[in-house]
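Q: There's a structure below that I have some questions on.
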Amino acid sequence: MEFGIVGLELSGKTTLFSLLTGHEPAAGHGKPGTQVGIAQVPDPRLDRLSALFAPRKHTPATVRFVDVPGIVKGGSASLNVPELRTMDGLAVVVRGFPSDAIPHPEGSLGPARDLELVETELLLNDLAVAGNRLERLGRDLAKRKAPELEAERDALERCRVALEAGTPLRRIGLSAEERRLLKGFTFLTAKPMLVILNAGEEEAGDLGGATARAGLDGLAAQPGVAVSAVSATIEQEIARMAPEDQSAFLADLGLPDRALDRLLRAAYALLGLISFFTAGEDECRAWSIAAGTTAVKAAGVIHSDFERGFIRAEVVPWEELLDAGSFAACRPRGSLRLEGKEYVVRDGDVITFRFNV
Ligand SMILES: Nc1nc2c(ncn2[C@@H]2O[C@H](COP(=O)(O)OP(=O)(O)OP(=O)(O)O)[C@@H](O)[C@H]2O)c(=O)[nH]1
Ligand SMILES: [Mg+2]
């Protein structure tokens, strides 16, 4: 899974990126302003499985984050970052922390206004992409009629009308066919959006209240939108501490959990992702799949051979495996099930795939 971190200038994007990935960007390193980092997805279930199997390898799921330069109002070109286009979702950071030392590009705090500014720039960027393509399609269609091109034009036209009315594409309910036709354009407003309020330290103990006061809590009702909150600087300080010290500081600030746990949980829910595990003495590993994925497709996430030569899946829910203490002990209890290709994998399943190639 990949998320692009976007937002107005000085909203705390890079601070949040470092907090999530542990990657502290060095000045002048790589492309100016664009940073890529990997977050390991915390999962206590995987930790418990590793405690049981003591495997040679412990492999959490990962999420890739890309941190890009701030969006400048009226400059939707600042969104022309190739890395952003392939992302599964966008994390939009809006500033909620007061500070006299750090200027706000709009001159004052206004999280809801800032989000609207970001949304406008996303809309304008998509509109430019749709407009360019429609123009070229118009020229091509004048020369020769082609049903595939006409279908593409109709889908793009529908997008343009929505975008001009200020409606992000994630809200217009694109059909599967329209999605197929539009896939190559990687529209930014079609991507799921995780809005992250970056609240001040004094609000860290009441992030839910901060989100409501900022006028952002209603957003989560929109399709493809989720809302979360952090207090980036202070939470980054906590993230840098030794794990055994973190909970005392979290409790002290009134934070319910670590920012990493909170944000990745929100991101998984937004994208409709669940986790299954493979476990043994060799490796305990978490895999992310879309909810509703069948066993044969889940096998393919591990290796295409697993999918091609799929015979069956041996499935046990993680708690039952831990209760039993080993796969062998699951058998007499009847908790290890044999499932076929069409079995729909559940969150927390531990799966051993049998295959033949
Ligand atoms: N007080 C306070 N300061 C913060 C917080 N988050 C970020 N900052 C500060 O705000 C400044 C900008 O933070 P960055 O993380 O660099 O913001 P950015 O959005 O990446 O900025 P650009 O990439 O320049 O657009 C830094 O001095 C941070 O230390 C916060 O939660 N509280
Ligand atoms: Mg930055």
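The values are calculated or read from the model by the stated rules, or taken from the named source; none is laboratory data. The shown structure was predicted, so the numbers you read here are calculated from the model rather than taken from an experiment. All Cβ positions, glycine included, derive from the backbone under ideal geometry; neighbour counts span all protein chains shown.
Q: If we scan segment 192-207, do we find a residue that is on the phi > 0 side of the Ramachandran plot and over 18 Å from the mean Cα position of the chain (by Cα)?
A: Taking every residue of segment 192-207 in turn, none turns out to be on the phi > 0 side of the Ramachandran plot and over 18 Å from the mean Cα position of the chain (by Cα).
Q: Of the residues in segment 172-204, how many are within 16 Å of ligand 1 (Cβ to nearest atom), out of contact with any helix residue (DSSP H, G or I) (no Cβ under 6 Å at 6 or more places or on another chain) and among the small types (Gly, Ala, Ser)?
A: Residues flagged as within 16 Å of ligand 1 (Cβ to nearest atom), out of contact with any helix residue (DSSP H, G or I) (no Cβ under 6 Å at 6 or more places or on another chain) and among the small types (Gly, Ala, Ser) within segment 172-204 amount to 1.
Q: Which count do you get for residues in segment 296-315 that are surrounded by 20 or more Cβ atoms within 10 Å (Cβ to Cβ) and assigned to a strand (DSSP E or B)?
A: Total meeting the criteria: 3.
Q: Consider Asp114 carefully, then state whether it is crowded, with 17+ Cβ neighbours inside 10 Å and not hydrophobic (A, V, I, L, M, F, W, C).
A: Judged against the criteria, Asp114 is a match.
Q: It is to be established whether one or more residues within segment 19-32 are of a type in the set (Val, Ile, Thr), within 16 Å of ligand 1 (Cβ to nearest atom), modelled with pLDDT of 90 or more and touching a helix residue (DSSP H, G or I) at 6+ places or on another chain (Cβ under 9 Å).
A: no
Q: Next question, about the same structure. So, restricting to strands (runs of 3 or more DSSP E) that lie completely within segment 1-119, which ones have at least 2 residues that are within 13 Å of ligand 2 (Cβ to nearest atom) and free of Cβ contacts under 8 Å to residues at least 12 places away in the same chain?
A: Per the criteria, no element qualifies.
Q: From the residues in segment 144-171 that are in a loop (DSSP other than H, G, I, E, B) and either polar (S, T, N, Q) or modelled with pLDDT of 95 or more (or both), which one is nearest to the chain's Cα centre (by Cα)?
A: Among residues in segment 144-171 that are in a loop (DSSP other than H, G, I, E, B) and either polar (S, T, N, Q) or modelled with pLDDT of 95 or more (or both), the one nearest to the chain's Cα centre (by Cα) is Pro168.
Q: Okay, moving on. Give me the residue from segment 205-226 that is of a type in the set (A, V, I, L, M, F, W, C) and surrounded by 23 or more Cβ atoms within 10 Å (Cβ to Cβ) and, out of that set, farthest from ligand 1 (Cβ to nearest atom).
A: Top of the filtered list is Ala214.
Q: So which of Thr59, Thr86 is among the hydroxyl-bearing types (Ser, Thr, Tyr) and surrounded by 15 or more Cβ atoms within 10 Å (Cβ to Cβ)?
A: Only one candidate passes the filter, namely Thr59.
Q: Out of segment 64-83, which residues are within 14 Å of ligand 1 (Cβ to nearest atom), among the hydrophobic types (A, V, I, L, M, F, W, C) and within 15 Å of Asn125 (Cα to Cα)?
A: Ile71, Val72, Leu79, Val81
Q: So the check is Cβ under 7 Å with 6+ separation or different chains; which pairs have a first residue in segment 166-187 that's under 15 Å from Leu123 (Cα atoms) and a second one that's assigned to a loop (DSSP other than H, G, I, E, B)?
A: These pairs meet every condition: Leu169/Phe187; Arg170/Lys191; Arg170/Pro192; Arg170/Pro223; Arg170/Gly224; Arg171/Gln222; Arg171/Pro223; Thr186/Thr86.
Q: Is it the case that segment 137-157 has a residue that's in contact with a strand residue (DSSP E or B) (Cβ under 7 Å, 6 or more places away or on another chain) and farther than 23 Å from Leu10 by Cα?
A: Looking through segment 137-157, none of the residues is in contact with a strand residue (DSSP E or B) (Cβ under 7 Å, 6 or more places away or on another chain) and farther than 23 Å from Leu10 by Cα.
Q: Another question about this same structure. With under 22 Å from Arg354 (Cβ atoms) and under 23 Å from the mean Cα position of the chain (by Cα) as the only criterion, which of Phe306, Phe276 stands out?
A: Residue meeting the stated conditions: Phe276.
Q: So, in segment 216-268, how many residues would count as being out of contact with any strand residue (DSSP E or B) (no Cβ under 6 Å at 6 or more places or on another chain), within 16 Å of Leu197 (Cβ to Cβ) and among the hydroxyl-bearing types (Ser, Thr, Tyr)?
A: Adding up the residues that qualify gives 1.
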